[in-house]
Amino acid sequence: MSCPLSIFKKTKKYLLCVDSDGCAMDTMNIKHIKCFGPKFAEVFNITENVQAVLDRWNDINLYEITRGINRFKGLAQILCELNPRDAERLAFKEWADGAKELSESSLKNKIEEGGGDIFKKALLWSQLTNAAIAELSDDDKKAFEGVREALKEARNTFDIAIVSSANFAAVKEEWERCKLLELTDCITTQQDGSKAYCIAELIKKGYEPSDVVMVGDALGDLEAAEKNSVSFYPILVNREEESWRNIGNALEGFVSGKKLDFKEQFTKNFK
Ligand SMILES: [Mg+2]
């Protein structure tokens, strides 16, 4: 049964780290298509070419290499694309690019410092988006087909750790509800630190980096793997079920000494 990083103990030679949002859980499309995008159009009063703007939002956050970008960085990007010379938007982008912390509370500090209207709108957008996400039904937040079978099979050879930058309660609830938590051995989330940090801490439990695989859907997952010199297996956007179907063969090869070489396929699959 899954346990926190602090008490997790290695039981197998190999370790499989699995990201949650957009990787094991089919939760990213619905959040961006139904919540982030429409709330952006609402708060920033987009009245012309609405569909094109929403498509652009989805490209930035789902289908291009920027997939999984922090929400405020994504917001800064689309605001500046729509109006590249607007001083307020440029100020917001400067904040998003340079702030030590990107969160609603750091945004509130910026507003108190007199950051201006755009920061207030960004906060409102973030809050309305969170409320819309909370309204999604459980049916909207399911695991991709094939995840359960793949993890069950992998667990014969690998310890399995969730490595997610979402919050602990949400990850635990989703994996439990989808009956996947029971197939994992450790759960690491944003409370433990960055994905790269969590992989490093997991390795310290006694694995060779060459015996570790990170499974993810976004560039940040690949970078976290590379920072720790561990292998990477991608869950390709729009080809998630196929990716989960094929992971068994890839891991079988990995265990028998074949390198996982999916970096090019992963980056080329983005728009
Ligand atoms: Mg992800």
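The values are calculated or read from the model by the stated rules, or taken from the named source; none is laboratory data. Remember, predicted model here, so these are calculated numbers, not experimental data. When we count neighbours, we look across all protein chains shown, and the Cβ atoms used for this are built from the backbone with ideal geometry, even at glycine. Note: accessible area is taken over every heavy atom of the protein model, side chains too, but ligands, DNA and RNA are not part of it. Shrake-Rupley method; radii C 1.70, N 1.55, O 1.52, S 1.80 Å.
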Subset of region 121-168 that is in a helix (DSSP H, G or I), open to solvent by 50 Å² or more (accessible area, probe 1.4 Å) and polar (S, T, N, Q) - its residue that is nearest to Ala24 (Cα to Cα): Asn130
Among the numbered criteria (1) within 16 Å of the ligand (Cβ to nearest atom); (2) at pLDDT 95 or above; (3) open to solvent by less than 50 Å² (accessible area, probe 1.4 Å), which single criterion is violated by Lys73? (3)
Counting only residues that are open to solvent by less than 10 Å² (accessible area, probe 1.4 Å) and more than 16 Å from Gly216 (Cα to Cα), how many does region 185-200 have? 1
Region 254-271: number of residues that are within 18 Å of Glu149 (Cβ to Cβ) and either of a type outside the set (A, V, I, L, M, F, W, C) or open to solvent by less than 30 Å² (accessible area, probe 1.4 Å) (or both): 1
Taking region 174-211 and keeping only residues that are assigned to a helix (DSSP H, G or I), more than 16 Å from the ligand (Cβ to nearest atom) and over 25 Å from Arg239 (Cα atoms), one is left with Glu182, Tyr197, Ala200, Glu201, Leu202, Ile203, Pro209, Ser210, Asp211
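In the set Glu94, Glu101, which member is away from the ligand (no atom under 16 Å from the Cβ), open to solvent by 40 Å² or more (accessible area, probe 1.4 Å) and within 21 Å of the chain's Cα centre (by Cα)? Walk me through it before giving the result.
Working: Glu94 fails: within 21 Å of the chain's Cα centre (by Cα).
Every option except Glu101 fails the conditions.
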Hey, any hits in region 22-31 for a residue that's under 30 Å from Glu153 (Cβ atoms), out of contact with any Lys or Arg (no Cβ under 9 Å at 6 or more places or on another chain), within 16 Å of the ligand (Cβ to nearest atom) and polar (S, T, N, Q)? yes
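Considering each residue of region 1-21, count those that are away from the ligand (no atom under 16 Å from the Cβ) and either in contact (Cβ under 8 Å) with a residue 12 or more places away in the chain or on the phi > 0 side of the Ramachandran plot (or both), and give that number. Spell out the reasoning first.
Residues of region 1-21 that are away from the ligand (no atom under 16 Å from the Cβ), as a first pass: 1-15.
Pick out the ones that are also either in contact (Cβ under 8 Å) with a residue 12 or more places away in the chain or on the phi > 0 side of the Ramachandran plot (or both) and you get 1-5, 8-15.
Going through region 1-21 one residue at a time, the tally reaches 13.
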Given Asn70, Asn58, which one is within 16 Å of the chain's Cα centre (by Cα) and closer than 30 Å to Pro209 by Cα? Asn70
Filtering region 212-226 down to residues that are open to solvent by 20 Å² or more (accessible area, probe 1.4 Å) and more than 11 Å from the ligand (Cβ to nearest atom) yields Glu223, Glu226
So Asn70 clears everything in (1) in contact (Cβ under 8 Å) with a residue 40 or more places away in the chain; (2) closer than 14 Å to Ala218 by Cβ except one condition, right? Which one? (1)
Restricting attention to region 239-271, which residues are in contact (Cβ under 8 Å) with a residue 40 or more places away in the chain and polar (S, T, N, Q)? Thr267
Output yes when any residue across region 248-262 is among the aliphatic types (A, V, I, L, M) and within 15 Å of the ligand (Cβ to nearest atom), and no when none is. no
Of everything in region 239-253, what is open to solvent by less than 50 Å² (accessible area, probe 1.4 Å) and either over 22 Å from Ser229 (Cβ atoms) or not in a helix (DSSP H, G or I) (or both)? Give them in sequence order. Glu240, Ser243, Trp244, Gly248
Identify all residues within region 20-68 that are β-branched (Val, Ile, Thr) and in a loop (DSSP other than H, G, I, E, B); write none if there are none. Thr27, Ile46, Thr47, Ile65, Thr66
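On the given criteria, is Val171 outside any helix (DSSP H, G or I), open to solvent by less than 50 Å² (accessible area, probe 1.4 Å) and in the same structural domain as Gly22 (by TED's automatic domain parsing)?
no
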Which residues, taken from region 8-32, are open to solvent by 30 Å² or more (accessible area, probe 1.4 Å) and within 10 Å of the chain's Cα centre (by Cα)? Asp21
